[in-house]
Every structure is written in C-alpha cells, then in structure tokens.
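The values are calculated or read from the model by the stated rules, or taken from the named source; none is laboratory data. Note that the structure is predicted; figures quoted are calculated from it, not measured. We place every Cβ from the backbone using ideal geometry, glycine too, and count neighbours over all the protein chains shown.
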Amino acid sequence: MSIVSQCGENDKRVKVTELVEALSEIVVTAVESGQMAHEVERQLWPGLQKLGHGLLEWYFELLGPGDVGEEVHRDGQCLKRSAQPQRRPYTSVFGQMEIWRFTYNRGSKQRIAYAPVDERAGLPKTSYSYLLQDWSQHLSTELSYQRLQSTLECFLGFKLSVSALEQMNTQVESTVEPWWDEQPLPLLAPVAADQVTVLSADAKGVVVRSGATETVLAGRSQSASGPSPGKCKMAVLGAAYTVSAWKRTPEQVLGALFGETLSATTALKANDADYAKQRPKPCHKHVRAALSRQELGQPGHATAVIFPWLNDQLQQRDPHQQCPCVLLIDGQPTLWDQAAAHLKRTDRIEILDLLHALGYFWEAVHLFHSPGTLQAVKLMEFLSLALLEGKGLSALTWLANQAPEHGLTQAQRDELAKIRRYFETQRERIHYDQYLAQGLPIASGVIEGACRHVVNDRLNRTGMRWTLEGAQAMLNLRCVAINGLWDEMMADHIRREIERLYPHRAANDPVMLDIPQKRVHSRLMTF
C-alpha cells in the first residue's frame, strides 16, 4: 500500500473515531441535562448517518486502489491499467461518495473491461447501492415516486430524482420474471382433508400513456366509470390460496346478501346458530399480475403468464391431489378458455362467481321493477334464493313467463332471453347448492380484492399514466411485496446481477487485491 493510501486510511480512521466520540458526548450530555429519549434519537440520527458514511469510506480505503499490475490477461485479452485511478460515484443509504480505483481495458478509449475494486466489492452497474435499491423499490410498491422521493429525503437526508427511482425500479424488476420461473417458492404446510385449494383470475385496466396499444379480453367491456377505450391496457391477475371447507345453507348466504330486508320465514332459517362460526380465512395467498404485450393466443399475452403460474401453484400446494380444487372466475370466456388450456388438474370444480351471476339477475329484475323499489328487492330475494338452491335456470324460465303479465316490450323480452342464454352456457358452473353443501367458496372476493389492492391502489391513482414497461415492472414488484417474498426476490436479484457483471468473481480467477488480511484485522482490533 502506498504512503498516500496509508495517509488516506489514517484520515478515515481519525474521522470515524471523532464521530464515535461526538455521538458518545451527545448521550452523556443528554443524561446530564435531563433530555428525553426522543430528543436524543433526533440528535443521534444525523451523526449515525455520518458514521456509516465514514465507515463505508474506510471500507473502500482498505480495499485499496485495485492496482494488480500494468497488464491483466482475461478471456484471451490483454487488458492495460489506466494511467491514473478513475473516479466512480457511489450513492449508498449513507449518502454520496467517490471511489477512486484503477481500471483495465484494451485501450485508452475502450470501455472498462475490468475494475478489481468493483468486482471485489460487488458494486452494481449504476451508482446506486443494492441496499438503496432494495429500500427504495420496496417502498415504491406502495408510494408514488413523488411521495417516495420526499420520504427518502426525510429519512436519509439527501434527494433522489424521480427518474433515478424509475430507473432503479426497472433494474430491480429485470430479474423478477426468471426468479418466478426458476426460484422455488417457500414450502407450504401440507393440505388437510377439509381444505380447499382455490384458483381465481380476473382482468383490470391500467391507464397507459398515449401511443401504447390496447389489448382487451374477449367479452370484456369497459364500464362507464372506468378507463376509456384506447387508453388502457388490460392486466390479468391470478390468485391462489388455501381455505378450510365451510358448509352453509342457501338461506344463510342469502341472509348475508340481503340482511334486514329478508322475509320473516327466510330470516328465521338464515339465523341458524351454526352460521355464527367465524368465516375461515384464506391461507398462503399469493397473487401475480401481467400486462398483455401480444394478442390472445401468443406467448406474450398475459393469460399465457398467469395460468401456467396458477397451475404451478396448484401443483405446489396439493401435489397428490388430496383436497378439492376450485376454479372461481367471473363470466369472461377468455379466462375460462385459457384455464382449460393451461390447468392440468382435470377434476377441478369450476364455479361462476356468485356476485357476477347476481349482477345478471339484477339486470333481469330491473326489466320488471325500477331500481331501488321494494318490489325489485323482494323479487331479487326470491330469484337469488332459487339460484343458491341450484334452480337458477328454472327461475329465469319462470320470470320469462311473467313477461306478458308485466307488459314487457319485445326489446325487454329479448334482453331477458339473452340473460337466460348466458346462464345456459354456464349451467355446469352454477350448482351453488352442491358447492355450499361441500363447503366450497362461491364468490371471488379474494381476486376482486387483489384487483383493487394490486392495480388500483398503486397504478390507477388520479393522474397516473404509465408506459407499458413501467406498469409491468411495478406490477411485478408489487406482487412480490404483497406475497411476502421481497427479501427472497431481492437476494436473488443481487446474486444474478453480480454473476452477470462479474462472471469471474465466484472462481479463483480474479487477481487478489493487495489487502494483507492480517494487517486489516490488526487495524480493526486497534480501532
């Protein structure tokens, strides 16, 4: 180590020592002056950040400048050392600093091919430390970039630009897809005989910037209150969870739907004491979302990502097919078709989401009575009970027979016939009486909640417009965070990046830096 480096190292040690002494003095003074704990914390925090900054600078000083000779041979190339140490900016959670180190390349104007200090320290490609990327991007899954910017400035004491945060988001997300495909998920508890494995899927629009193309699921129309056509990209969400079987009666479910408006006879049946038991909570819930990049049937379509993932989830949760498997979706034909193409469990029980089915029944009721009237509510109660008892098609037939008495127009009769034809296509998925008797879930509240939580709560806030790439990156990271797998994903991301940037690091190929270990250890012991 040169005399200059030795002096620089000594300066860092002196700086660190002075910072420790200053922090100690704050504590002693606080006790003597009777300060409260929160006041001491507020005074200590800036000093602790400076201490961390100083210790990190000392770390790089101990590594040295990375001078391993005038020439280095790597991958059949002769790399020459730079004439002088080269500057590299580095921003950690402790703030900004500069790293001066020698670099090696094929010529003075060629890009850097080898930087021993960078490789030894496992530095990222950009100037932002992996820990800073970890913290900021975990927070970005909940906070807007502007809010994240101010939050980091408040706690870390320095400001990052929104463009820098967006850049980090893309970098961290770049390894999520291979991680989903290659990294095994945490092992789940074995399923019990009274449990049900539930798979569900839905679609939600994400507003994208002008110029991005739109892909809409077949049979899925935009509501008047949602994003307007031509401005949104459809995200397909999948959810998988395990839940204990919960047997109920049609009257009990009806009671939950209509509450105090139930008729006296129905209310008596709905108030069964057994129904007071606590509703079982979904366990091991995992969600994933993907935006469609290609047309339906192409590998880049979102359904080609979500449904194979759902199949993997099913295999992982119940590899020996010990418990029932329920596929719970609303009426989108595309989702049912893609499920048939990708799910290998042939004994799955397909259920049309009850709330989706009731939406059609409300449309039928409003052909006879105005919305909000007592007559409409009572008719809907009657029809809903019939649906829950497995008599939905018969109830619609009966309703059609009442059309002449109520003076429905031909257009209204055609609409009623259209609703009945829809349920004809879904007849094998509306045996709600059987599902309730088996304790199976019949409403897709989990996936509906996922659509709101994953998409709306972060990507569809007022004024937000995303690029396709930015939206997909945020969806991927948000799902990882919601699934409670952030630490595993981030560790995998760092590993992949270091292997990509420094393929020789894991082997004994890199020339060891001039850092006598015994000398470093002795200096740390004397600190």
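Can you pull out the residues in region 340-352 that are of a type outside the set (D, E, K, R) and over 17 Å from Ile442 (Cβ atoms)? Lay out the reasoning, then the answer.
So in region 340-352, the residues of a type outside the set (D, E, K, R) come out as 340-343, 346, 349, 351-352.
Residues satisfying the conditions are Ala340, Ala341, His342, Leu343, Thr346.
Which condition number in (1) at pLDDT 95 or above; (2) touching a Lys or Arg at 6+ places or on another chain (Cβ under 9 Å); (3) not charged (D, E, K, R) is the one that Leu56 fails?
With respect to (1) at pLDDT 95 or above; (2) touching a Lys or Arg at 6+ places or on another chain (Cβ under 9 Å); (3) not charged (D, E, K, R), Leu56 is out only on (2).
Which condition number does Leu352 fail, the rest of (1) more than 30 Å from Ala473 (Cβ to Cβ); (2) at pLDDT below 90 being met?
(2)
Check Val31 against each of (1) loosely packed, with under 12 Cβ neighbours inside 10 Å; (2) within 23 Å of Gly157 (Cβ to Cβ) and name the one condition it does not meet.
Result: Val31 fails condition (2) only.
Could you check region 346-355 and list, in sequence order, the residues that are closer than 14 Å to Cys325 by Cβ and surrounded by fewer than 16 Cβ atoms within 10 Å (Cβ to Cβ)? Give the derivation first.
Let us first name the residues in region 346-355 that are closer than 14 Å to Cys325 by Cβ, namely 346-351.
Thr346, Asp347, listed by residue number.
Looking at region 445-452, is at least one residue of a type in the set (Lys, Arg) and surrounded by 19 or more Cβ atoms within 10 Å (Cβ to Cβ)? Quick ask: steps written out before the conclusion?
Residues of region 445-452 of a type in the set (Lys, Arg): 452.
Applying the additional criterion that residues be surrounded by 19 or more Cβ atoms within 10 Å (Cβ to Cβ) yields none.
Looking for residues that are of a type in the set (Lys, Arg) and surrounded by 19 or more Cβ atoms within 10 Å (Cβ to Cβ), one finds none in region 445-452, hence no.
Could you pull out the residue among Val172, Val208 that is surrounded by 15 or more Cβ atoms within 10 Å (Cβ to Cβ), in contact with a Leu (Cβ under 7 Å, 6 or more places away or on another chain) and at pLDDT below 90? Don't jump to the end; show me each part of the working.
Details: Val172 fails: at pLDDT below 90.
Just one listed residue meets the conditions, Val208.
Return the total of residues in region 113-158 being under 30 Å from Asp67 (Cβ atoms) and either outside any loop (DSSP other than H, G, I, E, B) or not β-branched (Val, Ile, Thr) (or both). If you could, list the steps in order and put the result at the bottom.
Start the filter on region 113-158 by keeping residues that are under 30 Å from Asp67 (Cβ atoms), which leaves 113-133.
Narrowing the set further to residues that are either outside any loop (DSSP other than H, G, I, E, B) or not β-branched (Val, Ile, Thr) (or both) leaves 113-125, 127-133.
Qualifying residue count, region 113-158: 20.
If a residue has to be surrounded by fewer than 14 Cβ atoms within 10 Å (Cβ to Cβ) and either among the charged types (D, E, K, R) or over 14 Å from Phe368 (Cβ atoms) (or both) to count, how many in region 389-410 make the cut?
Counting residues in region 389-410 that are surrounded by fewer than 14 Cβ atoms within 10 Å (Cβ to Cβ) and either among the charged types (D, E, K, R) or over 14 Å from Phe368 (Cβ atoms) (or both) gives 4.
Taking the stated definitions as given, is Glu98 in a helix (DSSP H, G or I), surrounded by fewer than 14 Cβ atoms within 10 Å (Cβ to Cβ), free of Cβ contacts under 8 Å to residues at least 24 places away in the same chain and not hydroxyl-bearing (Ser, Thr, Tyr)?
Values: in a helix (DSSP H, G or I): no; surrounded by fewer than 14 Cβ atoms within 10 Å (Cβ to Cβ): yes; free of Cβ contacts under 8 Å to residues at least 24 places away in the same chain: yes; not hydroxyl-bearing (Ser, Thr, Tyr): yes.
So Glu98 fails the test.
Please tell me if Asp337 is part of a helix (DSSP H, G or I) and either free of Cβ contacts under 8 Å to residues at least 40 places away in the same chain or among the small types (Gly, Ala, Ser) (or both).
So Asp337 passes the test.
Pick from region 34-49 the residues that are surrounded by fewer than 13 Cβ atoms within 10 Å (Cβ to Cβ) and among the small types (Gly, Ala, Ser): which of them is nearest to Phe155 (Cα to Cα)?
Looking at residues that are surrounded by fewer than 13 Cβ atoms within 10 Å (Cβ to Cβ) and among the small types (Gly, Ala, Ser), I get Ala37.
Which of the residues spanning region 336-345 are buried (at least 18 other Cβ atoms within 10 Å of the Cβ) and closer than 13 Å to Val305 by Cβ? Lay out the reasoning, then the answer.
So the first thing to find is which residues in region 336-345 are buried (at least 18 other Cβ atoms within 10 Å of the Cβ), and the list is 336, 338-339, 343.
Selection gives Gln338 alone.
Take the conditions surrounded by fewer than 16 Cβ atoms within 10 Å (Cβ to Cβ) and either without any contact (Cβ under 8 Å) to a residue 60 or more places away in the chain or not in a helix (DSSP H, G or I) (or both) and apply them to Arg420. Does it pass? Even if it seems obvious, please write down each step before you answer.
Values: surrounded by fewer than 16 Cβ atoms within 10 Å (Cβ to Cβ): no; either without any contact (Cβ under 8 Å) to a residue 60 or more places away in the chain or not in a helix (DSSP H, G or I) (or both): yes.
Against the criterion (surrounded by fewer than 16 Cβ atoms within 10 Å (Cβ to Cβ) and either without any contact (Cβ under 8 Å) to a residue 60 or more places away in the chain or not in a helix (DSSP H, G or I) (or both)), Arg420 does not qualify.
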